[in-house]
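The structure under discussion appears below in the form of structure tokens.
Just so it is clear, none of the values below were taken in a lab; they were calculated from the coordinates. All values reported here derive from a predicted model rather than from experimental measurement. Every residue, glycine among them, receives a Cβ derived from its backbone with ideal geometry; neighbour counts consider all protein chains shown.
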Amino acid sequence: MRFRLIPRDRGFYPLFERATETMLEAAQRLSYVFEDFTDIEAKHKEIKACESRGDDTTRDILRRLNSTYVTPFDREDIYALTEKIDDVVDSIQATSDLVVLHNITEPLPEMGELATILHQAAEHVVTLVGKLEALKGMEPEIEAIDALESAADGVYRRTVAKLFSGDYKPRDILRWKDVVESLEASVNQVEDISNIVESIVLKHA
């Protein structure tokens with residue numbers, strides 16, 4: 001009975017929202033890279049700034065987790081959700097890194113498709129995590145993210161088949177495939193966020 005009198009720390013929810021909003025900004029800025037393939041270095045710096053802010057928020061959440069006695073849901077779920085959001089931002093920066101490091105001057109159209117899907121999935125994650133405190137009404141976002149991940153898989157398979165069609169130079173194939181794989185991996189990790197949230201909901205059903 002004594003433990004029930006201790007209020008759960010609701011301060012995690014604004015931090016989760018801040019983390020997902022940073023993730024969304026990073027995804028949006030990556031989509032800008034492929035929408036207008038100019039000023040790549042400047043856009044890359046903006047994405048790196050998002051990653052740095054994301055790291056700050058991750059540290060804030062983990063510090064709060066270490067100092068909080070009663071959490072709003074299981075500690076391991078808070079940790080998993082925090083780390084996965086951070087992983088997505090890291091993956092977005094990794095994609096931007098590859099564009100710069102490989103000195104890509106002309107992206108494939110499919111890269112833009114994948115970046116758009118990633119941006120859309122990130123938008124749904126922001127809405128999904130915004131509903132985390134209420135733990136209800138999340139089905140539309142979960143279903144949308146799942147559909148976007150499936151769409152990304154389709155674009156990825158189509159792009160790989162295109163790259164190995166014999167129409168491209170081996171060096172270009174390797175450079176473009178790295179970027180496409182990184183984009184697809186980012187979408188997969190967004191779905192991982194959705195899966196973690198769905199697991200939290202099922203535990204509290």
Nitroxide proxy distance, nm - points 7 Å out along Cα→Cβ at residue 70 and residue 204: 1.4
Would you list the membrane-span-like helices of the chain, meaning whole DSSP H runs whose alpha-carbon atoms span at least 20 Å along their axis and whose mean Kyte-Doolittle value is at least 0.5? 109-130
Return, ordered by residue number, the residues of the stretch 98-112 whose backbone nitrogen is under 19 Å from a label point located 7 Å along Cα→Cβ of residue 167. 105-112
Using all Cα-Cα distances in the stretch 151-198, what percent lands in each 10 angstrom bin from 0 up to the longest? 25, 43, 22, 9, 1
Any idea what Rg and Dmax come out to for the stretch 60-169 if you just take the C-alpha atoms, in Å? 18.2, 60
Relative contact order of the stretch 3-203 (C-alpha contacts under 8 Å, at least 6 apart) in percent is 30
Exposure proxy order (Cβ contacts within 10 Å, fewest to most) of 194, 67: 67, 194
What base-10 log of the normalised intensity I(q)/I(0) is obtained for the stretch 3-203 from the Debye formula, alpha carbons as equal point scatterers, at q = 0.11, 0.15, 0.17 Å⁻¹? -0.52, -0.88, -1.06
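Going by C-beta contacts inside 10 Å, put 164, 34 in order with the fewest on the left. Could you put the intermediate results ahead of the total?
Details: 164 11, 34 22.
Taking fewest neighbouring Cβ atoms as first place, the list is 164, 34.
Lysine pairs in the stretch 3-203 with alpha-carbon atoms under 20 Å apart, 8 or more places apart or on different chains: how many are there? Spell out each step's value before the answer.
Values: 48/84; 84/131; 84/203; 131/203; 136/203; 162/177; 169/177.
The result is 7.
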